[in-house]
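Report on the following structure.
Read the figures in this text as sums done on the coordinates, not as results from a lab. Source: prediction; values computed, not measured. Note that we place each Cβ from the backbone using ideal geometry, even for glycine, and neighbour counts take in every protein chain shown.
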Amino acid sequence: YSKTNKIDQNLNSNSFYLIWKNFGIGQYSQLYKLTSSNNLYEVSSSSLDLSYTIGSKFSFTIGKGVVYSGKGNIYFYDSNQVKTEQVQGQSSFGIIGFELGVIELLFGKRDDKINYSEFESVLNEEKKLNLEYKLDLSQWFFGLGLSF
């Protein structure tokens with residue numbers, strides 16, 4: 001779980017992974033909010049992640065993720081809103097782990113490239129807009145794992 005707050009940006013994310021015999025599968029979800037001078041952007045996505053880990057006491061994990069669902073909302077200053085559920089994207093990540101008994105300390109970096117498209121107006125749902133919102137995120141993270 002992570003939470004990042006800046007003056008005009010918020011990012012909340014969580015992930016869950018299982019690693020068995022070097023191969024891992026997991027799920028990653030995030031909610032990103034950006035406030036500009038005239039608009040509020042609120043987008044979410046969920047990814048299915050696959051990974052490969054080498055090492056035991058000291059480990060290194062690399063992985064790729066594919067976005068399988070998400071939503072995008074843009075709220076304009078004039079009370080108009082557009083929304084979409086057409087989301088595509090991918091991610092790459094690397095994690096270093098240090099095992100201390102049954103606890104593992106994790107440190108890593110994740111890069112996400114996500115594209116939201118086919119927005120429609122909330123006021124007129126038949127009106128499709130030729131609008132895209134691209135999100136390129138990089139984040140460092142710390143975490144804990146359990147070894148068994």
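Could you give me the radius of gyration and the Dmax of segment 76-146, taking only the C-alpha atoms into account and expressing both in angstrom?
19.1, 58
Explain nothing, just the number: dipole magnitude of segment 1-86 about its Cα centre with +1 on each Lys and Arg Cβ and -1 on each Asp and Glu Cβ, in debye rounded to the nearest 20.
Approximately 360 debye in magnitude.
For a quick size check, give me the Cα extents of segment 39-96 along its three principal axes, largest first, whole Å.
In descending order, the Cα extents are 56, 18, 11 Å.
What are the semi-axes of the equivalent ellipsoid of the chain, taken as the square roots of 5 times the eigenvalues of the Cα gyration tensor, listed largest first and rounded to whole Å?
35, 16, 10
Take every Cα pair under 8 Å in the chain that's 6+ residues apart, average their separations, divide by the length, and report that relative contact order as a whole percent.
16
When Lys and Arg each count +1 and Asp and Glu each count -1, what net charge do the other residues less than 14 Å away from residue 144, Cβ to Cβ, add up to?
-2
Per 10 Å bin, what percent of the C-alpha pairs of segment 67-113 does each bin hold, from zero upward?
That works out to 20, 26, 25, 18, 10, 2, in percent per bin.
What is the set of long-range amide H partners of residue 131 at a cut-off below 5 Å, with H atoms built 1.01 Å from backbone N?
Residues meeting the criterion, in which the H sits 1.01 Å from N, are 118, 119.
Using Cα centres only, tell me the gap between segment 90-129 and segment 1-67 in whole Å.
Cα centroid of segment 90-129 versus Cα centroid of segment 1-67: 5 Å apart.
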